[in-house]
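Worksheet: the structure to be examined is printed underneath.
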Amino acid sequence: MDRTLRNELVKLLSEIPGLESFQGRLSILNGIPGSDFFRRDENDAYTHICLMVDQSVSGNWSEGKKNIEILIDNSLPRVKDTELGKELSRLKEKILKQRPSMPELVEPDNFDLVEQIRRFFNENTFLTPTLHIFSFSCASRDIMKYFCSKIIYELKDQIEGNIFDITNHRIDPKHTSVDDVCRIICKHCGVLREMNVLASIQVGKMDDESLLRKKLEEQFNDEMDNHLIVVIQHMPEKENSSFFQSADIRNWIVEIVKIQEWPKSIINDWMRLVFTECGEHLDTDAVYFHIENIKRFFNGRFSHEIFKDYIETRLSIYAETKT
(Lines give C-alpha, C1' and ligand atoms only; values in the text may rest on other atoms or scores of the structure.)
Protein backbone atom coordinates (compact mmCIF):
# COMPACT_ATOMS: atom_id res chain seq x y z
CA MET A 1 0.00 0.00 0.00
CA ASP A 2 1.18 3.50 -0.83
CA ARG A 3 2.94 5.04 2.18
CA THR A 4 0.84 8.23 2.09
CA LEU A 5 -2.40 6.20 2.16
CA ARG A 6 -1.01 4.03 4.94
CA ASN A 7 -0.18 7.06 7.10
CA GLU A 8 -3.60 8.60 6.43
CA LEU A 9 -5.31 5.35 7.44
CA VAL A 10 -3.32 5.16 10.69
CA LYS A 11 -4.24 8.79 11.46
CA LEU A 12 -7.98 8.25 10.88
CA LEU A 13 -8.10 4.99 12.85
CA SER A 14 -6.31 6.72 15.74
CA GLU A 15 -9.16 9.27 15.92
CA ILE A 16 -11.98 6.70 16.11
CA PRO A 17 -13.75 6.57 19.50
CA GLY A 18 -13.27 3.29 21.32
CA LEU A 19 -9.98 2.35 19.67
CA GLU A 20 -8.07 3.88 22.55
CA SER A 21 -8.89 0.65 24.41
CA PHE A 22 -6.98 -2.56 23.67
CA GLN A 23 -10.13 -4.66 23.26
CA GLY A 24 -11.61 -2.02 20.96
CA ARG A 25 -8.58 -2.25 18.69
CA LEU A 26 -8.69 -6.05 18.66
CA SER A 27 -12.35 -5.95 17.60
CA ILE A 28 -11.56 -4.33 14.22
CA LEU A 29 -9.27 -7.24 13.35
CA ASN A 30 -12.20 -9.70 13.30
CA GLY A 31 -12.22 -11.65 10.06
CA ILE A 32 -8.62 -10.94 9.02
CA PRO A 33 -6.81 -14.26 8.43
CA GLY A 34 -3.88 -14.80 10.80
CA SER A 35 -4.66 -11.72 12.92
CA ASP A 36 -4.58 -13.83 16.10
CA PHE A 37 -0.82 -14.02 15.57
CA PHE A 38 -0.28 -10.31 14.94
CA ARG A 39 2.14 -8.42 17.15
CA ARG A 40 0.30 -6.19 19.63
CA ASP A 41 0.85 -3.29 21.99
CA GLU A 42 -1.67 -3.18 24.83
CA ASN A 43 -0.45 0.15 26.23
CA ASP A 44 0.21 2.40 23.24
CA ALA A 45 -2.81 2.78 20.94
CA TYR A 46 -0.95 4.53 18.11
CA THR A 47 1.84 1.92 17.99
CA HIS A 48 -0.73 -0.89 18.07
CA ILE A 49 -2.71 0.64 15.19
CA CYS A 50 0.52 0.98 13.15
CA LEU A 51 1.27 -2.69 13.81
CA MET A 52 -2.26 -3.74 12.83
CA VAL A 53 -2.19 -1.84 9.54
CA ASP A 54 1.34 -2.93 8.59
CA GLN A 55 0.72 -6.59 9.40
CA SER A 56 -2.60 -6.56 7.56
CA VAL A 57 -0.91 -5.56 4.30
CA SER A 58 2.20 -7.71 4.80
CA GLY A 59 1.34 -10.22 2.10
CA ASN A 60 0.54 -10.32 -1.58
CA TRP A 61 -1.27 -7.36 -3.08
CA SER A 62 -4.76 -8.87 -3.32
CA GLU A 63 -4.76 -10.34 0.19
CA GLY A 64 -3.47 -7.07 1.65
CA LYS A 65 -6.29 -5.06 0.07
CA LYS A 66 -8.89 -7.54 1.36
CA ASN A 67 -7.46 -7.30 4.87
CA ILE A 68 -7.49 -3.50 4.84
CA GLU A 69 -11.08 -3.54 3.55
CA ILE A 70 -12.08 -5.75 6.51
CA LEU A 71 -10.19 -3.50 8.94
CA ILE A 72 -11.97 -0.38 7.66
CA ASP A 73 -15.41 -2.05 7.42
CA ASN A 74 -15.07 -3.16 11.06
CA SER A 75 -14.23 0.44 12.04
CA LEU A 76 -16.92 2.31 10.08
CA PRO A 77 -19.89 1.49 12.39
CA ARG A 78 -18.10 3.40 15.17
CA VAL A 79 -18.14 6.61 13.09
CA LYS A 80 -21.41 6.21 11.21
CA ASP A 81 -22.94 9.50 9.92
CA THR A 82 -19.86 11.50 10.95
CA GLU A 83 -17.31 13.46 8.93
CA LEU A 84 -14.64 11.04 10.14
CA GLY A 85 -16.69 8.15 8.78
CA LYS A 86 -16.99 9.84 5.39
CA GLU A 87 -13.23 10.44 5.28
CA LEU A 88 -12.59 6.79 6.14
CA SER A 89 -14.98 5.62 3.40
CA ARG A 90 -13.29 7.86 0.83
CA LEU A 91 -9.88 6.54 1.87
CA LYS A 92 -11.13 2.97 1.54
CA GLU A 93 -12.12 3.64 -2.08
CA LYS A 94 -8.69 5.12 -2.82
CA ILE A 95 -6.92 2.09 -1.33
CA LEU A 96 -9.08 -0.41 -3.20
CA LYS A 97 -8.47 1.38 -6.51
CA GLN A 98 -4.71 1.44 -6.03
CA ARG A 99 -2.73 -1.10 -8.03
CA PRO A 100 0.93 -2.15 -7.88
CA SER A 101 3.12 -1.22 -10.82
CA MET A 102 4.01 -4.11 -13.07
CA PRO A 103 7.80 -3.66 -12.66
CA GLU A 104 7.39 -4.02 -8.88
CA LEU A 105 5.27 -7.14 -9.18
CA VAL A 106 7.69 -9.05 -11.42
CA GLU A 107 10.84 -8.24 -9.42
CA PRO A 108 12.18 -11.40 -7.71
CA ASP A 109 12.46 -9.73 -4.28
CA ASN A 110 8.73 -8.93 -4.46
CA PHE A 111 7.70 -12.47 -5.32
CA ASP A 112 5.82 -14.10 -2.48
CA LEU A 113 8.02 -14.49 0.67
CA VAL A 114 4.69 -13.65 2.35
CA GLU A 115 4.80 -16.19 5.18
CA GLN A 116 8.47 -15.63 5.97
CA ILE A 117 8.18 -11.83 5.93
CA ARG A 118 5.06 -12.05 8.11
CA ARG A 119 6.88 -14.35 10.55
CA PHE A 120 9.86 -11.98 10.56
CA PHE A 121 7.69 -9.04 11.65
CA ASN A 122 5.70 -11.18 14.08
CA GLU A 123 8.95 -12.05 15.86
CA ASN A 124 10.46 -8.55 15.65
CA THR A 125 8.54 -5.33 16.38
CA PHE A 126 11.44 -2.87 15.95
CA LEU A 127 9.95 -0.60 18.61
CA THR A 128 13.37 -0.10 20.24
CA PRO A 129 16.91 -0.53 18.87
CA THR A 130 18.19 -3.99 19.79
CA LEU A 131 19.53 -7.26 18.40
CA HIS A 132 17.06 -9.10 16.13
CA ILE A 133 17.85 -12.68 15.09
CA PHE A 134 15.69 -14.44 12.51
CA SER A 135 16.26 -17.81 10.85
CA PHE A 136 14.64 -19.76 8.05
CA SER A 137 15.27 -23.00 6.21
CA CYS A 138 15.94 -23.06 2.46
CA ALA A 139 18.49 -24.70 0.15
CA SER A 140 18.40 -21.88 -2.43
CA ARG A 141 21.59 -19.97 -3.20
CA ASP A 142 19.72 -16.81 -4.15
CA ILE A 143 16.97 -16.65 -1.54
CA MET A 144 19.03 -14.69 1.00
CA LYS A 145 19.67 -11.68 -1.24
CA TYR A 146 15.99 -11.45 -2.21
CA PHE A 147 14.82 -11.91 1.38
CA CYS A 148 17.18 -9.25 2.75
CA SER A 149 16.26 -6.87 -0.07
CA LYS A 150 12.60 -7.29 0.88
CA ILE A 151 13.36 -6.67 4.57
CA ILE A 152 15.25 -3.47 3.79
CA TYR A 153 12.36 -2.28 1.61
CA GLU A 154 9.76 -3.05 4.31
CA LEU A 155 11.80 -1.40 7.09
CA LYS A 156 12.86 1.81 5.37
CA ASP A 157 9.68 3.65 6.37
CA GLN A 158 9.45 2.12 9.86
CA ILE A 159 12.84 2.64 11.48
CA GLU A 160 15.05 5.70 11.62
CA GLY A 161 18.29 5.84 9.65
CA ASN A 162 19.78 3.81 6.84
CA ILE A 163 20.47 0.08 6.89
CA PHE A 164 24.05 -1.05 6.23
CA ASP A 165 24.06 -4.51 4.63
CA ILE A 166 27.02 -6.74 5.58
CA THR A 167 28.02 -9.14 2.80
CA ASN A 168 26.64 -12.65 3.10
CA HIS A 169 28.87 -15.03 5.13
CA ARG A 170 28.82 -18.79 5.35
CA ILE A 171 29.70 -20.73 8.51
CA ASP A 172 31.58 -23.79 7.33
CA PRO A 173 34.63 -25.60 8.79
CA LYS A 174 36.40 -25.13 5.45
CA HIS A 175 35.67 -21.42 5.24
CA THR A 176 34.47 -19.38 8.20
CA SER A 177 33.80 -20.46 11.80
CA VAL A 178 31.15 -19.15 14.22
CA ASP A 179 33.83 -17.14 16.03
CA ASP A 180 35.02 -15.63 12.73
CA VAL A 181 31.50 -14.49 11.85
CA CYS A 182 31.01 -12.99 15.32
CA ARG A 183 34.28 -11.08 14.94
CA ILE A 184 33.20 -9.76 11.53
CA ILE A 185 29.91 -8.49 12.95
CA CYS A 186 31.65 -6.95 15.98
CA LYS A 187 34.01 -5.10 13.63
CA HIS A 188 30.96 -3.15 12.50
CA CYS A 189 30.16 -1.82 16.00
CA GLY A 190 31.35 1.61 14.86
CA VAL A 191 28.92 1.51 11.95
CA LEU A 192 26.18 0.28 14.30
CA ARG A 193 26.57 3.42 16.41
CA GLU A 194 25.78 5.51 13.31
CA MET A 195 23.19 3.39 11.46
CA ASN A 196 21.29 0.09 11.47
CA VAL A 197 23.17 -3.04 10.39
CA LEU A 198 21.83 -6.13 8.58
CA ALA A 199 24.02 -9.26 8.56
CA SER A 200 23.07 -12.30 6.48
CA ILE A 201 24.61 -15.66 7.37
CA GLN A 202 24.30 -19.17 5.97
CA VAL A 203 24.91 -22.13 8.27
CA GLY A 204 25.23 -25.80 7.43
CA LYS A 205 24.29 -27.19 10.85
CA MET A 206 21.68 -26.28 13.47
CA ASP A 207 24.39 -26.54 16.14
CA ASP A 208 26.23 -23.68 14.45
CA GLU A 209 23.07 -21.59 14.48
CA SER A 210 22.51 -22.23 18.21
CA LEU A 211 26.11 -21.33 19.03
CA LEU A 212 25.97 -18.19 16.89
CA ARG A 213 22.75 -17.04 18.59
CA LYS A 214 24.29 -17.59 22.03
CA LYS A 215 27.46 -15.65 21.22
CA LEU A 216 25.64 -12.73 19.60
CA GLU A 217 23.17 -12.45 22.51
CA GLU A 218 26.11 -12.36 24.93
CA GLN A 219 27.94 -9.73 22.88
CA PHE A 220 24.99 -7.42 22.16
CA ASN A 221 23.01 -7.46 25.40
CA ASP A 222 23.40 -3.77 26.29
CA GLU A 223 21.31 -0.81 25.22
CA MET A 224 21.94 -0.02 21.55
CA ASP A 225 21.78 3.11 19.40
CA ASN A 226 20.47 1.29 16.32
CA HIS A 227 19.05 -2.04 15.19
CA LEU A 228 21.31 -5.02 14.49
CA ILE A 229 19.42 -7.50 12.31
CA VAL A 230 20.95 -10.95 11.84
CA VAL A 231 19.26 -13.22 9.29
CA ILE A 232 20.35 -16.87 9.37
CA GLN A 233 19.67 -19.36 6.58
CA HIS A 234 20.15 -23.06 7.28
CA MET A 235 19.77 -26.07 5.02
CA PRO A 236 16.43 -27.94 5.14
CA GLU A 237 16.31 -31.43 6.62
CA LYS A 238 14.28 -32.84 3.71
CA GLU A 239 15.46 -33.08 0.13
CA ASN A 240 13.33 -31.40 -2.54
CA SER A 241 11.97 -28.96 0.03
CA SER A 242 10.94 -25.66 -1.53
CA PHE A 243 10.34 -22.18 -0.24
CA PHE A 244 7.25 -21.93 -2.42
CA GLN A 245 3.99 -23.79 -2.94
CA SER A 246 1.81 -24.10 -6.03
CA ALA A 247 -0.65 -21.56 -4.54
CA ASP A 248 2.15 -18.96 -4.43
CA ILE A 249 2.77 -19.40 -8.15
CA ARG A 250 -0.93 -19.33 -8.95
CA ASN A 251 -1.63 -16.16 -6.94
CA TRP A 252 1.31 -14.36 -8.55
CA ILE A 253 0.32 -15.34 -12.10
CA VAL A 254 -3.36 -14.47 -11.55
CA GLU A 255 -2.36 -11.05 -10.16
CA ILE A 256 -0.20 -10.27 -13.19
CA VAL A 257 -2.79 -11.48 -15.73
CA LYS A 258 -5.47 -9.41 -13.99
CA ILE A 259 -3.36 -6.22 -13.99
CA GLN A 260 -2.31 -6.75 -17.60
CA GLU A 261 -5.96 -7.38 -18.50
CA TRP A 262 -4.90 -10.49 -20.39
CA PRO A 263 -7.29 -13.40 -21.13
CA LYS A 264 -7.63 -15.91 -18.28
CA SER A 265 -6.79 -18.74 -20.67
CA ILE A 266 -3.10 -17.86 -20.36
CA ILE A 267 -3.02 -18.71 -16.63
CA ASN A 268 -3.01 -22.50 -16.93
CA ASP A 269 -0.50 -22.49 -19.81
CA TRP A 270 1.82 -20.26 -17.79
CA MET A 271 1.50 -22.45 -14.69
CA ARG A 272 2.23 -25.51 -16.82
CA LEU A 273 5.45 -23.85 -18.02
CA VAL A 274 6.52 -23.00 -14.45
CA PHE A 275 6.06 -26.59 -13.26
CA THR A 276 7.84 -27.88 -16.36
CA GLU A 277 10.84 -25.59 -15.78
CA CYS A 278 10.93 -25.73 -11.98
CA GLY A 279 9.75 -29.29 -11.27
CA GLU A 280 6.77 -30.47 -9.26
CA HIS A 281 8.57 -29.49 -6.02
CA LEU A 282 9.18 -25.96 -7.37
CA ASP A 283 12.94 -25.70 -6.97
CA THR A 284 13.46 -22.27 -5.41
CA ASP A 285 16.42 -21.22 -7.59
CA ALA A 286 14.57 -22.38 -10.72
CA VAL A 287 11.53 -20.27 -9.74
CA TYR A 288 13.71 -17.19 -9.36
CA PHE A 289 15.43 -17.95 -12.68
CA HIS A 290 12.01 -18.15 -14.34
CA ILE A 291 11.00 -14.77 -12.91
CA GLU A 292 14.24 -13.14 -14.11
CA ASN A 293 13.70 -14.71 -17.52
CA ILE A 294 10.15 -13.42 -18.08
CA LYS A 295 10.56 -9.89 -16.67
CA ARG A 296 11.25 -8.51 -20.15
CA PHE A 297 7.69 -9.31 -21.25
CA PHE A 298 6.22 -6.82 -18.78
CA ASN A 299 7.84 -3.54 -19.76
CA GLY A 300 4.80 -2.42 -21.72
CA ARG A 301 6.05 -3.38 -25.17
CA PHE A 302 4.76 -6.95 -25.44
CA SER A 303 1.23 -8.23 -25.95
CA HIS A 304 -0.26 -11.35 -24.41
CA GLU A 305 -0.07 -13.02 -27.85
CA ILE A 306 3.73 -12.67 -27.86
CA PHE A 307 3.99 -14.03 -24.31
CA LYS A 308 1.65 -16.90 -25.19
CA ASP A 309 3.87 -17.76 -28.19
CA TYR A 310 6.88 -17.75 -25.86
CA ILE A 311 5.13 -20.17 -23.48
CA GLU A 312 4.12 -22.52 -26.28
CA THR A 313 7.63 -22.48 -27.76
CA ARG A 314 9.23 -23.27 -24.39
CA LEU A 315 6.77 -26.10 -23.71
CA SER A 316 7.36 -27.62 -27.15
CA ILE A 317 11.12 -27.55 -26.58
CA TYR A 318 10.73 -29.43 -23.29
CA ALA A 319 8.37 -31.90 -24.97
CA GLU A 320 10.93 -32.59 -27.72
CA THR A 321 13.74 -33.22 -25.24
CA LYS A 322 11.63 -35.87 -23.51
CA THR A 323 10.94 -37.82 -26.71
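The values are calculated or read from the model by the stated rules, or taken from the named source; none is laboratory data. Just so you know, these numbers come straight off a predicted model, no measurement behind them. Heads up, the Cβs are rebuilt from the backbone with ideal geometry, glycines too, and the neighbour counts pull from every protein chain shown.
Considering region 217-234, and only residues there that are of a type in the set (A, V, I, L, M) and within 15 Å of Gly161 (Cα to Cα), the residue that is nearest to the chain's Cα centre (by Cα) turns out to be Ile229. Checked against the criterion of being in a helix (DSSP H, G or I) and modelled with pLDDT of 85 or more, the candidates Ile253, Ile259 yield just one match: Ile253.
Conditions (1) farther than 30 Å from Glu160 by Cα; (2) assigned by TED's automatic domain parsing to the domain that holds Tyr146; (3) touching a residue at least 12 places away in the same chain (Cβ under 8 Å), marked per residue:
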site: Ser200; (1), (2), (3): no, yes, yes
site: Lys215; (1), (2), (3): no, yes, yes
site: Lys258; (1), (2), (3): yes, no, no
site: Glu261; (1), (2), (3): yes, no, no
site: Asp285; (1), (2), (3): yes, no, yes
site: Phe302; (1), (2), (3): yes, no, no
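Considering the conditions (1) aromatic (Phe, Trp, Tyr); (2) at pLDDT 80 or above; (3) over 25 Å from Glu217 (Cβ atoms), Phe164 is excluded by exactly one of them, (3).
Listed by position, the helices (runs of 4 or more DSSP H) contained in region 3-65 that have at least 2 residues being of a type in the set (Val, Ile, Thr) and crowded, with 17+ Cβ neighbours inside 10 Å are 45-56.
Among all positions in region 157-170, there is no residue which is over 26 Å from the mean Cα position of the chain (by Cα) and within 30 Å of Leu282 (Cα to Cα). Scanning region 17-49 for residues that are touching a helix residue (DSSP H, G or I) at 6+ places or on another chain (Cβ under 8 Å) and in contact (Cβ under 8 Å) with a residue 60 or more places away in the chain turns up Pro17, Gly18, Gly34, Phe37, Phe38, Arg39, Asp41.
In region 104-126, the residues that are farther than 21 Å from Asp285 by Cβ and in the same structural domain as Ile143 (by TED's automatic domain parsing) form Cβ pairs under 7 Å with partners that are crowded, with 18+ Cβ neighbours inside 10 Å and modelled with pLDDT under 80, at six or more places apart or across chains, as follows: Arg118/Ser58; Arg118/Gly59; Phe121/Ser58. Screening the candidates Phe275, Phe297, Phe307, Phe289 for the property of being within 30 Å of His169 (Cβ to Cβ), of a type in the set (Phe, Trp, Tyr) and either at pLDDT 80 or above or under 19 Å from the mean Cα position of the chain (by Cα) (or both) yields one hit, Phe289. The residues of region 20-34 that are within 11 Å of Leu71 (Cβ to Cβ) and among the hydrophobic types (A, V, I, L, M, F, W, C), listed by number, are Ile28, Leu29, Ile32.
Take the conditions (1) at pLDDT below 85; (2) under 17 Å from the mean Cα position of the chain (by Cα); (3) surrounded by fewer than 13 Cβ atoms within 10 Å (Cβ to Cβ); Lys97 misses just one of them, which is (2). For region 277-294, a residue qualifies if it is within 14 Å of Ile253 (Cβ to Cβ) and either out of contact with any Pro (no Cβ under 7 Å at 6 or more places or on another chain) or not in a helix (DSSP H, G or I) (or both), and the qualifying residues are Glu277, Cys278, Leu282, Val287, His290, Ile294.
Of the listed requirements (1) crowded, with 17+ Cβ neighbours inside 10 Å; (2) of a type outside the set (A, V, I, L, M); (3) outside any helix (DSSP H, G or I), Asn221 misses just one: (1).
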